[in-house]
Amino acid sequence: MSEILRTTYAAEIADAETGSEVVLGGWVSRSRDMGGVIFFDLRDPSGLVQVVLDPAELPVGAELKMEYCVKVTGRVQARPEGTQNKDLATGLVEVNASDVEVLSASDVLPFMVDDRLNVDELIRLRYRYLDFRRPTMAANLKARAKATAAMRRSLDDMSFMEVETPTLIASTPEGARDMLVPSRLQQGSFYALPQSPQIFKQLLMVGGIDRYFQFARCYRDEDFRSDRQLEFTQLDIEGSFWDEEAVMQTIETAVSAGVAAVRGEAPSLPIPRMTWTEAMHRFGSDKPDLRFGMEINDLSGVFSETEFKGFSGAIADGGSVRGINVGPRDFSRSALDKLIDQAKSLGAKGLVWAFCEEGTWRSPVAKFLSDGEKEAVIAQLEAVEGDLMLIVAGPTRNALEVLGQLRVDLGQPTGHEELRFVWITQFPVFDVHEDGGLSPAHHPFTQPESIDQMINDPENAFARAYDLVLNGSELGSGSVRIHDPVVQTQVFDTLGISPEERESRFGWFLEALRYGTPPHAGFAVGVDRLLAILVGASSIRDVIAFPKTQRGIDPLSGSPSLVDNDQMIELGLDLRPEVKAALAEKEDSND
């Protein structure tokens, strides 16, 4: 006969009948010896409940220490008047223990599992299993589970089929470096971990899988940020005989379900839309934060005949003059100089600052401008007394991006819980590099709006692509796919991908397109980014169970790690001499 380890969770004690017998299992959160009576808080995944015992009857009570794993048998009773804790869900009752069994003792903790204490992230990651016991991390993982379950139910209700795609695939260019895995059986050859299931979900459409989804693990060998990891999870969807409208409506429904599961309230639908061009011109970013204003204005008309060469020269060279009203600021000269340095680091030749004072400018360049020009800028930026105005002149794209970054740095609200979604549509088909070269702005399987324009004017061609943005963070991207192999070949030609290269890298996929491929489209939502915003975390590491540090290291398991020479030989690999020398030097220094 099996032993009863638990009949009730801690949170359920609040609704249990007084006098009922319960068996609890959990951890000792805190213990207090009140002289003849011992109280301790028992914590389990549902919450806390106070346990009271008589050490004369249960000597084990005096031995209990923090994070001991225990089993408690006892009866529910009301707390005496004056000892109730209305801030605790179970604060009106307690459990009078008749038996306490220590299931597992605990060493002294490397840190307190308490949100009231600030613990270095490296320590938290080194002992991640203890970090899970902290209320915030436990709540974050619960929120993630609720959100993904709600999104999965939503897609199931819309007749989507969940299909798993391979983890070991051929290397394909998708904008970031592949994570490679050497093959033992085919020495010298490598698998790649998927940056996304892009090609495989398109093959599912070729195969007649009408509506597909999965919570896909993806891998990209790219630099870390607070919202970026080597491995991440995305909600991936694809559908046949679809257009942009169908995709966006589906994503709105699924994401709305996930938001409601975490926040208790769904966002207003439909989500507003904005073209890429409008977003860049108004906010200097293709992922605008709409929680605040500070929109970018085109001041080129004001300075069309200016004598100030810093502005007239930019306009004459085909650029423009752009500005934002930062609002009332009390910046020192050194703080303003730092803004100028930041603008230069972002590629601007300079930054003009001006305070609105008594209807005119206080600025180092005020003497070079006419009264009419200064008054026109104040009017266009709707500046009032004390407002700081920032102006950048130069190539239009650069001026917009510089002001867009300054806008975020100076205006982005912190600690705000509101959610501002927006769809960004009609992206460029290609990114244009300084040398004139082209690369896919999305990926090379995205349908252009106009094939003729893509061929004849690729730098100004737009794609049937769309991003979902939340509070200034790109949650995900999608597009209508190319289903015609002729069009796909034209895209490769425009990108300068040779027939030999496309055949070696995509031949198997291009062959599939020749077998009656239906029109199809899809999207992928970054689950980690979405959850981080929903729970108010500053980093996606706080909503991932076992993340890497910003250096790509797992302090818990010690990965990435060296492997022994026999494993390298078995894979047909060897390290370069300079790498071996560096490792030997490092080993010597550790000794």
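Here the chain exposes an accessible surface that is 49 percent carbon and sulfur, computed with a 1.4 Å probe and the other protein chains kept in place. Counting 0.36 nm for each residue step from N118 to E578 and taking away their Cα separation leaves a gain of 161.5 nm.
Kindly report the accessible area of the chain per residue (heavy atoms of protein chains, probe 1.4 Å, no ligands, DNA or RNA), in Å². Result: 50 Å² per residue. Among I315, G91, L531, whose Cα projects farthest towards the positive end of the dipole of the chain, with charges put on the beta-carbon of Lys, Arg (+1) and Asp, Glu (-1)? Among I315, G91, L531, the one farthest towards the positive end of the dipole of the chain is G91.
If you stretched the chain out fully between D107 and S332, how much longer would it get, using 0.36 nm times the residue separation minus the C-alpha to C-alpha distance? Write down the numbers at each step before the final one.
Values: separation 225, 0.36 × 225 = 81.00 nm, distance 5.21 nm.
The D107-S332 span can extend by a further 75.8 nm.
Put a dot 7 Å past the Cα of V487, heading toward its Cβ, do the same for D341, and the two dots end up 5.0 nm apart.
Summarising the amide proton neighbourhood of D99: residues at separation of 5 or more, or on other chains, whose placed amide H is nearer than 5 Å comprise T73. A crude spin-label estimate for the pair F39 and H433, with each label 7 Å from Cα along the Cβ direction, gives 6.8 nm.
Nearest 10 degrees, 0 to 90: what angle lies between the long axis of helix 135-157 and the longest principal axis of the chain (Cα atoms)? Tilt of helix 135-157: around 70 degrees. Amide H to amide H distances under 5 Å link R228 with I540, where only residues 5 or more positions off or on other chains count and H is placed in the peptide plane.
Residue by residue, the range 463-476 carries 3J(HN,Hα) couplings of 10, 8, 10, 7, 10, 9, 10, 9, 6, x, 10, 6, 7, x Hz when phi is fed to the Karplus relation 6.51 cos²θ - 1.76 cosθ + 1.60 (θ = phi - 60°); x denotes Gly or Pro. The mean sequence separation of alpha-carbon pairs under 8 Å and at least six residues apart, normalised by the residue count of the chain, gives a relative contact order of 13 percent. For R6 and K86, the FRET efficiency from 1/(1 + (r/R0)^6), where r spans their Cβ atoms and R0 equals 30 Å, is about 0.70.
What full-extension length gain, to one decimal in nm, is calculated for E511 and A14 as 0.36 nm per residue of separation minus the Cα-Cα distance? Show your work: numbers first, answer last.
On the way: separation 497, 0.36 × 497 = 178.92 nm, distance 6.32 nm.
That works out to 172.6 nm of additional length.
3J(HN,Hα) along the range 537-552, derived from phi through the Karplus expression 6.51 cos²θ - 1.76 cosθ + 1.60 where θ = phi - 60°, amounts to 7, 7, 9, 5, 4, 7, 10, 10, 4, 10, x, 9, 6, 5, 9, x Hz, with x in place of Gly and Pro. Dipole size of the range 542-591 about its Cα centre, with +1 on Lys/Arg Cβ and -1 on Asp/Glu Cβ: approximately 280 debye, rounded to the nearest 20. Taking amide H as placed 1.01 Å from N in the peptide plane, the amide H of G476 sits under 5 Å from that of L468, G526, each at least 5 places away or on another chain. Between D243 and V60, the modelled labels are 6.9 nm apart [label points 7 Å from Cα along Cα→Cβ].
Find which of S334, Q380, I296 sits farthest along the positive direction of the dipole of the range 286-393, computed with +1 on the beta-carbon of Lys and Arg, -1 on that of Asp and Glu, about the Cα centre. Value: S334.
The values are calculated or read from the model by the stated rules, or taken from the named source; none is laboratory data. A quick note: this is a predicted structure, and the numbers were derived from the prediction, not measured. Note: ideal-geometry Cβ built from the backbone for every residue, glycine included; neighbour counts use all protein chains shown. Accessible surface areas use protein heavy atoms only, side chains included; no ligands, DNA or RNA. Shrake-Rupley method; radii C 1.70, N 1.55, O 1.52, S 1.80 Å.
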